[in-house]
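Since the structure comes first, as structure tokens, the remarks are kept for the end.
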Amino acid sequence: MTTPRIVVTGIGASSPIGGTAPESWSALLGGASGTHTLQHDWVEQYQLPVTFAAEGLVRPDTVLARPVAKRLDPSSQFAMVAAQEAWADAGAPEVEPERLGVDFATGIGGLWTLLDAWDTLREKGPRRVMPMTVPMLMPNAAAGNLSLHFGARAYARTVASACASSTESIVNAFEHLRAGLADVVIAGGTESAIHPLTMAAFASMQALSRRNDDPEHASRPGSIDRDGFVMGEGSAVLIMETEEHAKARGAKIYAYVVGGGVTADSYHITANDPEGHGAARAVRMALEVADASPEDVTHINAHATSTPVGDPNEYQALKQVFGDRVDEIPVSATKASTGHLLGGTGALEAVFSIYAIGNRIAPPTINITTPDPEVPFRLSGDTVPLGGGPQLAISNSFGFGGHNAVVAFSSE
């Protein structure tokens, strides 16, 4: 039996730099920063040590119908907005419900619902806790609501692998389609966790940048003066299907999903393996499934969170796979513009990778100050042409818990 080829036919995103996928891509090419000082009373109320983040540019509750938004946590609201865009972009595929699946991800889930309900319980008592609290806070809420909205009955699965979550969901969708479990899959991830508790917690572990006086330039992957990541929020979605199904309905094809790799470090609950063995294995797995070699890769979207330890560890992992050639491949570190969307970040970077190979251009990495000699990626503050010929991009995601996920996209 021939293994089907898997394609992307629809793209959607609601990010800190754009309310749609094309708007986010255009802003990325223009060097936009989605990071700003937070305008919330709770920043001063709790005297937070970090006062900025990359909030979604367009609030999802202003896009969705009010009755729909009221029944969804902000994380699920973002997911619904991005999924509706992707579905429309794919031409609203006609597919049997039993052949339509959902592979979705989040790192934290319905955080706002959970903590608002706790405040209500303490201040007003149990009778005032909303009946919809559990369906809104559960981590699988986004996947479940997308399944209900689009009538997906093949399956609706949720991944929660911290910052690797939505890349892992895309890899899962790829594998499920190749295994014949569906003809079309809605894949991606979401996060809305810019909350005083998470801001305080990440700051406490010294993971966040503290450039309160210069938030737009706070995320600076690969720079020697980087001091942590920037919290972001939003969602991105891919409509993936078998090539046969897509061509039968005359769908446009953005890219081919050709490989994926998922591994674990088993090293530390928050730090990745400094030698990068697990991450390197994930890259090799993705290329092996793609029947490609390291020499075939023309673009890399790096995880590159702008933390002092994470960036050089990723470089070491990629050096194991690509050798000295890693310094020649155009690399984009797009979190410099968008912040870090945690469980939604991999899906957004997959969108950017697909646009990159489709337009044959690597997006810029903003905020490069003094390049760190320990992270000599080929990062550029300008766009970089990818040239002619077939394009093969990989997008990396690594998460707390030692999760590593890599997905490979090809132009043909």
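Across the stretch 130-150, the qualifying residues are those that are in contact with a strand residue (DSSP E or B) (Cβ under 7 Å, 6 or more places away or on another chain) and not hydrophobic (A, V, I, L, M, F, W, C), and the one among them that is farthest from residue 179 (Cα to Cα) is 139.
Results for (1) under 21 Å from the mean Cα position of the chain (by Cα); (2) part of a strand (DSSP E or B); (3) of a type in the set (A, V, I, L, M, F, W, C), shown as yes or no for each residue.
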{"site": "144", "(1), (2), (3)": "yes, no, no"}
{"site": "147", "(1), (2), (3)": "yes, no, no"}
{"site": "152", "(1), (2), (3)": "no, no, yes"}
{"site": "156", "(1), (2), (3)": "yes, yes, yes"}
{"site": "164", "(1), (2), (3)": "yes, no, yes"}
{"site": "171", "(1), (2), (3)": "yes, no, yes"}
{"site": "182", "(1), (2), (3)": "no, no, yes"}
{"site": "203", "(1), (2), (3)": "no, no, yes"}
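Against the condition outside the structural domain of residue 168 (by TED's automatic domain parsing) and within 20 Å of the chain's Cα centre (by Cα), how does residue 329 come out, does it pass? In short, no. Residues in the stretch 217-238 that are charged (D, E, K, R) and closer than 23 Å to residue 350 by Cα were compared, and the one that is farthest from the chain's Cα centre (by Cα) is 220. Where helices (runs of 4 or more DSSP H) fall entirely within the stretch 1-97, none has at least 1 residues that are without any contact (Cβ under 8 Å) to a residue 24 or more places away in the chain and not assigned by TED's automatic domain parsing to the domain that holds residue 141. Would you confirm whether or not the stretch 354-374 contains a residue that is in a strand (DSSP E or B) and either within 19 Å of the chain's Cα centre (by Cα) or within 20 Å of residue 27 (Cβ to Cβ) (or both)? There is at least one residue in the stretch 354-374 that is in a strand (DSSP E or B) and either within 19 Å of the chain's Cα centre (by Cα) or within 20 Å of residue 27 (Cβ to Cβ) (or both). Cβ-Cβ distances below 6 Å connect the following pairs, each with a first residue in the stretch 114-137 that is under 14 Å from residue 72 (Cα atoms), a second residue that is assigned to a loop (DSSP other than H, G, I, E, B) and of a type in the set (Asp, Glu), and a separation of six or more residues or different chains: 136/73.
Yes or no, residue by residue, for (1) crowded, with 24+ Cβ neighbours inside 10 Å; (2) hydroxyl-bearing (Ser, Thr, Tyr):
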{"site": "249", "(1), (2)": "no, no"}
{"site": "254", "(1), (2)": "no, yes"}
{"site": "269", "(1), (2)": "no, no"}
{"site": "272", "(1), (2)": "yes, no"}
{"site": "278", "(1), (2)": "no, no"}
{"site": "283", "(1), (2)": "yes, no"}
{"site": "288", "(1), (2)": "no, no"}
{"site": "294", "(1), (2)": "no, no"}
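The values are calculated or read from the model by the stated rules, or taken from the named source; none is laboratory data. Note that the structure is predicted; figures quoted are calculated from it, not measured. Glycine also receives a Cβ, built like all others from the backbone with ideal geometry; neighbour counts cover every protein chain displayed.
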